[in-house]
1. Looking at (1) modelled with pLDDT under 90; (2) open to solvent by 50 Å² or more (accessible area, probe 1.4 Å); (3) closer than 25 Å to Leu126 by Cβ, which is the one condition that is false for Lys28?
2. I'd like the full set of residues that are open to solvent by less than 30 Å² (accessible area, probe 1.4 Å) and either among the aromatic types (Phe, Trp, Tyr) or modelled with pLDDT of 90 or more (or both), limited to region 77-94.
3. Taking region 132-165 only, how many residues are open to solvent by 80 Å² or more (accessible area, probe 1.4 Å) and either charged (D, E, K, R) or in the same structural domain as Gly114 (by the TED database) (or both)?
4. How about region 118-131: which of its residues are open to solvent by 20 Å² or more (accessible area, probe 1.4 Å) and either within 23 Å of Pro53 (Cβ to Cβ) or small (Gly, Ala, Ser) (or both)?
5. Looking at region 78-133 only, could you name the residues that are β-branched (Val, Ile, Thr) and more than 10 Å from the chain's Cα centre (by Cα)?
6. Looking only at residues that are surrounded by fewer than 19 Cβ atoms within 10 Å (Cβ to Cβ) and among the hydroxyl-bearing types (Ser, Thr, Tyr) in region 166-190, which one is farthest from Arg143 (Cα to Cα)?
7. Only one of (1) outside any strand (DSSP E or B); (2) surrounded by fewer than 16 Cβ atoms within 10 Å (Cβ to Cβ); (3) at pLDDT 90 or above fails for Phe107. Which number is that?
8. In the list Gly202, Gly206, Gly152, Gly159, which residue meets the criterion of being within 24 Å of Thr141 (Cα to Cα) and in a loop (DSSP other than H, G, I, E, B)?
Amino acid sequence: MSTETPATMEIESLPSESKPEPNTLPPKPKFEPLKAHEMSDGRVQFRKVSVPPHRYSPLKKYWLDIYTPIYEQMKVDIRMNLKARKVELKTRPETPDISNLQKCADFVQAFMLGFDVPDAIALLRLDELYAESFEIKDVKTLRGEHLSRAIGRLSGKGGKTKFAIENATKTRIVIADTKIHILGSFANIKIARDSLCSLILGSPAGKVYSKLRQVTARLAERF
């Protein structure tokens, strides 16, 4: 009998195929975001904004300020139709989002209502901004000197009252004859509209100021 120790048997283990667990889900597919022309099946989307007669000259003056952000940043085509007196907007293959077209239309519409370009351009940057319009006769039927005095109360001496409401509510207000346009967020528009309605109904400016201070203080505490 040999005194040598028996050689140990070497067993080669093959890697077993890992069985998927019964509760695991397959990996989520990754899709590239659709572009504007792909979402609309290749159709071009249009918007048209009418130009009032009194905004024709300002539009010519500030055309480049309006054209540049719409064409270069929002990737939307824009042109002025001189015959129809309308600003025409349309999507193009490079437009990243279909909502850009409506934002641009809102921006141009806000300019037509009388807002300055730096104020109206906020509609392109922020999603929760709106422009709301109403007339003095929607609040109270006024005629003659009563209507003139109401418009005077809304503006104040040198526009003091209007600026105070704008600064307190973080909105922008345009008073065009008997029409009032407010640009801002939903909650802030409501506060500004309530203040303007109080002035139309005959409240003195001091009373409106004190109410504005209370409301803005509550808003500051909330945020």
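The values are calculated or read from the model by the stated rules, or taken from the named source; none is laboratory data. None of the values given here were measured: they were computed from a predicted structure. As a convention, Cβ positions derive from the backbone with ideal geometry for all residues, glycine included, and neighbour counts pool all protein chains shown. Ligands, DNA and RNA are stripped out before the accessible areas are found, and what is left, the full protein with its side chains, is counted by its heavy atoms. Shrake-Rupley method; radii C 1.70, N 1.55, O 1.52, S 1.80 Å.
1. (3)
2. Ile78, Val87, Glu88, Leu89
3. Here the count works out to 8.
4. Scanning region 118-131 gives Asp119, Ala122, Ala131.
5. Within region 78-133, Ile78, Val87, Thr91, Thr95, Ile98, Val108, Val117 meet the criteria.
6. Ser185
7. Among (1) outside any strand (DSSP E or B); (2) surrounded by fewer than 16 Cβ atoms within 10 Å (Cβ to Cβ); (3) at pLDDT 90 or above, the lone unmet condition for Phe107 is (2).
8. Exactly one of Gly202, Gly206, Gly152, Gly159 is within 24 Å of Thr141 (Cα to Cα) and in a loop (DSSP other than H, G, I, E, B), namely Gly202.
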